[in-house]
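The values are calculated or read from the model by the stated rules, or taken from the named source; none is laboratory data. As the structure is a prediction and not an experimental result, all values here were calculated from the model. All Cβ positions, even for glycine, are placed from backbone atoms using ideal geometry, and neighbour counts span all protein chains on display.
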Amino acid sequence: MLLQPGINLVSEYLTSGPYISLKGVRPRKTIDLGDVRVQAYYAPVRIVVSKEWKDRVFHSNDAISFKVFDASGAVADDSKGGRGINEIDSSITIALPIGRWRVEMKSGNMPWKVVAKKLIISSQQPITIKFPDPP
């Protein structure tokens, strides 16, 4: 793990193990901390698809893909297919770590659509998003 100048390593994300001392380190120097075990906190994000979208765009056997972008616009995750809509409540659940995200999804019959422009995850509490109005 490289720690860039000006970055603080928050102790709440470190798992139990040896403590890291940064005493005597010059401020403008990149530090290689080696392997550091960290714990990421994820929150379940439930995307509820409106009936109109589900009836017009999605089919029960569709494999839905997701793209997740970080706050700078870089792709953080690009999962291809594999998830389907829950037929009981017309929802899809994904998990995201603490941070700020933009989420997009697509199916075989739908091009990429924005699900959330600025989704802020600040805890492990579940979040529900309603997918937009019908096309």
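Residue count for segment 68-112 satisfying the condition of being in contact (Cβ under 8 Å) with a residue 24 or more places away in the chain, in a strand (DSSP E or B) and in contact with a strand residue (DSSP E or B) (Cβ under 7 Å, 6 or more places away or on another chain): 20.
The test for being surrounded by 15 or more Cβ atoms within 10 Å (Cβ to Cβ), over 14 Å from VAL45 (Cβ atoms) and at pLDDT below 85 does not hold for ASP55.
Could you tell me whether ILE94 is farther than 22 Å from TRP53 by Cβ, surrounded by 13 or more Cβ atoms within 10 Å (Cβ to Cβ) and either β-branched (Val, Ile, Thr) or touching a Ser or Thr at 6+ places or on another chain (Cβ under 6 Å) (or both)? Here the answer is no, as ILE94 does not meet what is asked.
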